[in-house]
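The values are calculated or read from the model by the stated rules, or taken from the named source; none is laboratory data. Keep in mind it's a predicted model, so treat the numbers as computed, not measured. Neighbour counts are summed over all protein chains in view; Cβ atoms, including those assigned to glycine, are modelled from backbone coordinates with ideal geometry.
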Amino acid sequence: MKTWIVAGAALAGLAVVFGAFGAHGLKTKVTPEMLAVFETGVRYHFYHALGLIIIGVIGFHLPESSLQFPAMLMTVGILIFSGTLYVLVFTGQKWLGAVTPIGGLLLIMSWLLLAYNIWKDSA
């Protein structure tokens, strides 16, 4: 489970980099609406990076098999949800907005599956 803690910490660091870039590098280069889109990507990126760290810590108390799939869903969800928002802001490709909800769905599924697996394994 140390892998998920490391991955979460690395993704959290990357979220800080993107957040700083958005706050300082994009402010004058994109519209306020696009800056808000970018900030949404950073916010969800950071929340779910912390989620991966939490999953890693929970792994010291529950079977690893119960946590692997939620962690993978969360990782892919970050990449798709936040990644499409970042690319949308940089490229202006509006069709990416149709892909973003897939990442959001994966994030939702990761949390629900995590909750179910914790409930199941601690019952």
> Here are some conditions: (1) surrounded by fewer than 20 Cβ atoms within 10 Å (Cβ to Cβ); (2) in contact (Cβ under 8 Å) with a residue 60 or more places away in the chain; (3) assigned to a helix (DSSP H, G or I). Y44 meets all but one. Which one does it not meet?
Replying inline: (1)
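Every residue, every condition in (1) among the aliphatic types (A, V, I, L, M); (2) part of a helix (DSSP H, G or I); (3) within 17 Å of R43 (Cα to Cα), yes or no:
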{"site": "A71", "(1), (2), (3)": "yes, yes, no"}
{"site": "G77", "(1), (2), (3)": "no, yes, yes"}
{"site": "S82", "(1), (2), (3)": "no, yes, yes"}
{"site": "V87", "(1), (2), (3)": "yes, yes, yes"}
{"site": "W95", "(1), (2), (3)": "no, yes, no"}
{"site": "P101", "(1), (2), (3)": "no, yes, yes"}
{"site": "G104", "(1), (2), (3)": "no, yes, yes"}
{"site": "M109", "(1), (2), (3)": "yes, yes, no"}
{"site": "L114", "(1), (2), (3)": "yes, yes, no"}
>> Restricting to the stretch 79-106, and then to whatever is β-branched (V, I, T), under 21 Å from G25 (Cβ atoms) and surrounded by 19 or more Cβ atoms within 10 Å (Cβ to Cβ), can you tell me which residue is farthest from the chain's Cα centre (by Cα)?
In response: V89
> Hey, does the stretch 101-114 have a residue that's touching a Pro at 6+ places or on another chain (Cβ under 9 Å) and either aromatic (F, W, Y) or over 22 Å from E64 (Cβ atoms) (or both)?
Replying inline: yes
> Do the conditions hold for P32, that is, is it surrounded by fewer than 20 Cβ atoms within 10 Å (Cβ to Cβ), over 14 Å from the mean Cα position of the chain (by Cα) and closer than 22 Å to I118 by Cβ?
Replying inline: no
> Is it true that some residue in the stretch 11-19 is under 30 Å from S122 (Cα atoms) and in contact (Cβ under 8 Å) with a residue 24 or more places away in the chain?
Replying inline: yes
>> List pairs: first residue in the stretch 83-98 and under 24 Å from A49 (Cβ atoms) and modelled with pLDDT of 95 or more, second residue surrounded by 10 or more Cβ atoms within 10 Å (Cβ to Cβ) and among the hydroxyl-bearing types (S, T, Y) anywhere in the structure, Cβ distance under 7 angstrom, at least six positions apart or on different chains.
In response: T84/T100; L85/T40; L85/T100
